[in-house]
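A short worksheet on the structure shown next.
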Amino acid sequence: MGATDEIERIYRAEYGRVVASLVRRFGDIDVAEDAAAEALLAAVERWPVHGVPPNPGGWLTTTAGNRAIDRLRRESHRGAKHRAALLVMDDTPHEPTGVVTDDRLRLVFTCCHPALAPEAQVALTLRLLGGLTVAEIAQAFLVPETTMAQRLTRAKRKIREARIPYRVPAAEDLPARLSAVLAVVYLIHNEGYLASGAGAPVRAELTGEAIRLGRLLHDLLPESPEVAGLLALMLLSEARRPVRVAGGELVPLPDQDRGGWDRDLIAEGHALVRECLARSDRTGIGPGQYQLLAAVNAVHTDAPTTADTDWAQIAALYAQLEAVAPSPIVTLNRAVAVAELDGPEVALAMVDRLPLAAYHAWHVTRAEMLRRLGRSDEARTAYDAAIELAGNEAERAYLTRRRGTLRAP
Amino acid sequence: MTQYLLSVHHVEGEPMPETMEEMQPIFEAVDRFNDKLRAEGAWVFAGGLHPISSATTVDATGEKPIVTDGPFAESKEWLGGFWVIEAPDLDAALRWATEGSRACAGKVEVRPFQDEPPADEPA
């Protein structure tokens, strides 16, 4: 690895911490971002000559802080914003107070504030906590870079003008606000897990980034069951990534090469799920949606073959999920387990009642059930609808081949 | 502290309380909410407006002021009333807006006022 790559890697890894600390000190995201960028330039000049300092994150934070102060002093006679930043400048080192142990935790709640549009929450989180460049985020969500830059600028302006606070929410607001943060991380993960648009069907850079954010949240809030649940869910999905696409086709769970699953990630995910179950037993608080989804994934990844899958357990978990977070998509997933337990006819009756005609997975599920019932013509029509609605090429390729194995019309 | 405008809009065609029996509980809830704003030092100003049919528009951007009957633009929605409050940040303003929305039984839009220009430096 070249010196520049090494600096880039460290900078990416430390970016969230550096920016979060600067936002706290200067009360302004733009000031923080500019200073972090200047610190990178200083590192690029200095580190190849003098070597990487023993605590590169600390060096970047100190350097960025000094640059920010220099700049604010230089510009204080000009901008009211900078004068304001100097006035609110908070030089106290951050200390753990209650659940606040890290500036990044405050920043993630600012980025995922419900007063910001969901796509802005995602972009801000990837930019400020993940350290992705605007170009990288734009590419990940298939929008022009100027569009993404405007989205970020608008969101930051709203944070400043409306005074969206830089703070971990009060205890009574925390559950709702945390679920907004988890929704953002899960959205990033899902977009990587099965991309909705053209291009690569699976985007490892997005699933990887979501897991990095999930690990960060788990470090910051180790006692939060849903944070652990979301991390476990993402790890267990990621474990299957290497064999989810083969030869340009999506490979569904029953057909995946289980020897290709990442055993380390599975072990880590299972340990988290066990931790969640033990905590739930201890506290008497039932598991939330992410823990239940993680448990479903744990059951799947625990089965040596598809036939060995404990479908009763999966049906029971989805039934619990229907109680916690009801949605037709959850019922659709329960129907898949019911098909294995009670046969496709019972399951199809469940599926047909769901208002999901715009959702490609509904058509896929119907197609598979109709196939098993020998209703080939109806299965073909369902595959047609699924192919029409599928977002990416790998899924279309798989469904087209599947449709091709039906008896000729 | 920042000042926020909490505004309540009427939308054409949406049902509105009309009889005294319907309005009385809302008036009382809004009074209680206003008292709470005052007690907690968040109150700046508030008021309800007469229907949009009472509006008059003045345009003095030209040479002579032009006075016309009606709102400045035909619209399906119009301002029905508002509060101006003082709050430390948006979270606090949103909490007040939640209570205000419950009290007046309508949607509440929250907007921050621009910062006041800096006070004159002493000579």
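The values are calculated or read from the model by the stated rules, or taken from the named source; none is laboratory data. Given the structure is predicted, the values throughout are model-derived calculations rather than measurements. All Cβ positions, even for glycine, are placed from backbone atoms using ideal geometry, and neighbour counts span all protein chains on display.
Within the stretch A:1-23, the set of residues being within 24 Å of A:THR110 (Cβ to Cβ) and either surrounded by fewer than 18 Cβ atoms within 10 Å (Cβ to Cβ) or touching a strand residue (DSSP E or B) at 6+ places or on another chain (Cβ under 9 Å) (or both) comprises A:ARG12, A:ALA13. Within the stretch A:341-350, the set of residues being more than 14 Å from A:TYR318 (Cα to Cα) and part of a helix (DSSP H, G or I) comprises A:ASP342, A:PRO344, A:GLU345, A:VAL346, A:LEU348, A:ALA349.
The set of residues from the stretch A:151-182 being more than 20 Å from A:ILE29 (Cα to Cα), within 14 Å of another protein chain (Cβ to nearest Cβ) and assigned to a helix (DSSP H, G or I) comprises A:LEU174, A:ALA176, A:ARG177, A:ALA180. Of the residues in the stretch A:105-125, how many are assigned to a helix (DSSP H, G or I) and either closer than 18 Å to A:GLN150 by Cα or within 12 Å of another protein chain (Cβ to nearest Cβ) (or both)? Of the residues in the stretch A:105-125, 11 are assigned to a helix (DSSP H, G or I) and either closer than 18 Å to A:GLN150 by Cα or within 12 Å of another protein chain (Cβ to nearest Cβ) (or both). Listed by first and then second residue, the pairs with beta-carbon distance under 7 Å, at least 6 apart or on different chains, first residue in the stretch B:41-59 and more than 23 Å from B:PHE27 (Cβ to Cβ), second among the small types (Gly, Ala, Ser), are B:THR57/B:GLY70.
Residue count for the stretch B:92-101, restricted to those that are crowded, with 20+ Cβ neighbours inside 10 Å and either in contact with a Gly (Cβ under 7 Å, 6 or more places away or on another chain) or within 13 Å of another protein chain (Cβ to nearest Cβ) (or both): 3. Among the residues here, B:ILE26 qualifies as over 20 Å from A:PRO165 (Cβ atoms), touching a helix residue (DSSP H, G or I) at 6+ places or on another chain (Cβ under 7 Å) and surrounded by fewer than 15 Cβ atoms within 10 Å (Cβ to Cβ). Output the residue which, of all residues in the stretch A:141-150 that are assigned to a helix (DSSP H, G or I) and surrounded by fewer than 18 Cβ atoms within 10 Å (Cβ to Cβ), is nearest to the other protein chains (Cβ to nearest Cβ). Result: A:GLN150. Taking the criterion of being in a helix (DSSP H, G or I) and of a type in the set (A, V, I, L, M, F, W, C), the residues of the stretch B:9-27 that qualify are B:MET20, B:MET23, B:ILE26, B:PHE27. Would you confirm whether any residue within the stretch B:82-91 is surrounded by fewer than 11 Cβ atoms within 10 Å (Cβ to Cβ) and among the charged types (D, E, K, R)? There is no residue in the stretch B:82-91 that is surrounded by fewer than 11 Cβ atoms within 10 Å (Cβ to Cβ) and among the charged types (D, E, K, R). In this structure, A:GLU322 does satisfy being within 25 Å of the chain's Cα centre (by Cα), assigned to a helix (DSSP H, G or I) and not aromatic (Phe, Trp, Tyr). B:ASP35 falls short on exactly one of the conditions (1) exposed (fewer than 11 other Cβ atoms within 10 Å of the Cβ); (2) modelled with pLDDT of 95 or more, and that condition is (1).
Checking A:ALA13 against (1) among the aliphatic types (A, V, I, L, M); (2) over 21 Å from A:VAL134 (Cα atoms); (3) at pLDDT below 90, only one condition comes out false. Which one? Of the numbered conditions (1) among the aliphatic types (A, V, I, L, M); (2) over 21 Å from A:VAL134 (Cα atoms); (3) at pLDDT below 90, the odd one out for A:ALA13 is (2). Report yes if B:VAL110 is of a type in the set (Val, Ile, Thr), within 12 Å of chain A (Cβ to nearest Cβ) and surrounded by 12 or more Cβ atoms within 10 Å (Cβ to Cβ), otherwise no. Criteria met by B:VAL110. Entry remark, the stretch A:127-178: residues being out of contact with any helix residue (DSSP H, G or I) (no Cβ under 7 Å at 6 or more places or on another chain), touching a residue at least 40 places away in the same chain (Cβ under 8 Å) and hydroxyl-bearing (Ser, Thr, Tyr) number 0 in total.
All conditions in (1) among the charged types (D, E, K, R); (2) at pLDDT 90 or above; (3) in contact with a Gly (Cβ under 6 Å, 6 or more places away or on another chain) hold for A:ASP34, with the sole exception of (3). Among the residues of the stretch A:280-289, not a single one is closer than 25 Å to A:ARG371 by Cβ and not aliphatic (A, V, I, L, M).
Residues checked against (1) aliphatic (A, V, I, L, M); (2) assigned to a helix (DSSP H, G or I); (3) buried (at least 23 other Cβ atoms within 10 Å of the Cβ):
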{"site": "A:LEU356", "(1), (2), (3)": "yes, no, no"}
{"site": "A:VAL364", "(1), (2), (3)": "yes, yes, yes"}
{"site": "A:ALA394", "(1), (2), (3)": "yes, yes, no"}
{"site": "A:LEU406", "(1), (2), (3)": "yes, no, no"}
